[in-house]
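So the structure is just underneath, and the comments pick up after that.
The values are calculated or read from the model by the stated rules, or taken from the named source; none is laboratory data. The model shown is predicted, which means the values in this text are computed figures rather than measured ones. Methodologically, a virtual Cβ is constructed for each residue, glycine included, from the backbone with ideal geometry; neighbour enumeration extends over all protein chains shown.
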Amino acid sequence: MSFDIAKYPTLALVDSTQELRLLPKESLPKLCDELRRYLLDSVSRSSGHFASGLGTVELTVALHYVYNTPFDQLIWDVGHQAYPHKILTGRRDKIGTIRQKGGLHPFPWRGESEYDVLSVGHSSTSISAGIGIAVAAEKEGKNRR
């Protein structure tokens, strides 16, 4: 399933967080609008849960813009919230395969991307995992945020 990325000119410039951080801050609201429309367009055709992802578009853009991901690690508590995260971390062209055989996993999945720090499904795993990851990074002397 392919989508005409030309309908989303700002989003077409971003296929990684490094490319996202090259955008001027003034273009971020437009990126968020396009990301939301792209999410609706792609996931509505493939049978995913996009409602919670729609609510995290600005948050996801801001986190990846400000933090040095994947070095700085993001942990998602509820996997369905991470669809915008998947789109911005190199999986934009595959988001329409979510929940399809051979497609993207519907939740963050460690085997899918270096940006997916923790394989999660439903809520309540993030706090304990985040504390463990933070303690380990501190002991290793990594200056992560």
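Of all residues assigned to segment 61-68, none qualifies as being β-branched (Val, Ile, Thr), modelled with pLDDT of 95 or more and over 25 Å from residue 129 (Cα atoms). Candidates in segment 93-126 are the residues that are assigned to a helix (DSSP H, G or I) and in contact (Cβ under 8 Å) with a residue 24 or more places away in the chain; of these, the one that is farthest from residue 65 (Cα to Cα) is 97. Is it the case that some residue within segment 114-131 is of a type in the set (Asp, Glu), under 14 Å from the mean Cα position of the chain (by Cα) and exposed (fewer than 14 other Cβ atoms within 10 Å of the Cβ)? Yes, segment 114-131 contains at least one residue that is of a type in the set (Asp, Glu), under 14 Å from the mean Cα position of the chain (by Cα) and exposed (fewer than 14 other Cβ atoms within 10 Å of the Cβ). Inclusion of residue 133 among residues that are in a helix (DSSP H, G or I), of a type in the set (A, V, I, L, M, F, W, C), touching a residue at least 40 places away in the same chain (Cβ under 8 Å) and closer than 15 Å to residue 80 by Cα is not warranted. Scanning segment 132-145 for residues that are farther than 20 Å from residue 63 by Cα and surrounded by 11 or more Cβ atoms within 10 Å (Cβ to Cβ) returns 132, 136, 138.
Output yes when any residue across segment 16-27 is out of contact with any Leu (no Cβ under 7 Å at 6 or more places or on another chain), in a loop (DSSP other than H, G, I, E, B) and not aromatic (Phe, Trp, Tyr), and no when none is. Yes; the residues of segment 16-27 include at least one that is out of contact with any Leu (no Cβ under 7 Å at 6 or more places or on another chain), in a loop (DSSP other than H, G, I, E, B) and not aromatic (Phe, Trp, Tyr).
Restricting attention to segment 38-50 and to residues that are exposed (fewer than 15 other Cβ atoms within 10 Å of the Cβ) and either in contact (Cβ under 8 Å) with a residue 24 or more places away in the chain or of a type in the set (A, V, I, L, M, F, W, C) (or both), the residue that is farthest from residue 80 (Cα to Cα) turns out to be 45.
Within segment 63-92, no residue that is within 25 Å of residue 3 (Cα to Cα) and part of a loop (DSSP other than H, G, I, E, B) sits with its Cβ atom under 7 Å from a residue that is modelled with pLDDT of 95 or more and among the small types (Gly, Ala, Ser) at 6+ positions apart or across chains. A search for C-beta distances below 9 Å between a residue of segment 1-27 that is closer than 24 Å to residue 103 by Cα and touching a residue at least 40 places away in the same chain (Cβ under 8 Å) and any residue that is of a type in the set (Val, Ile, Thr) and surrounded by fewer than 16 Cβ atoms within 10 Å (Cβ to Cβ), counting only pairs 6+ apart in sequence or on different chains, returns 11/5.
Residue by residue through segment 1-37, note down the ones that are of a type in the set (A, V, I, L, M, F, W, C) and exposed (fewer than 14 other Cβ atoms within 10 Å of the Cβ). Answer for segment 1-37, where residues must be of a type in the set (A, V, I, L, M, F, W, C) and exposed (fewer than 14 other Cβ atoms within 10 Å of the Cβ): 1, 6, 22.
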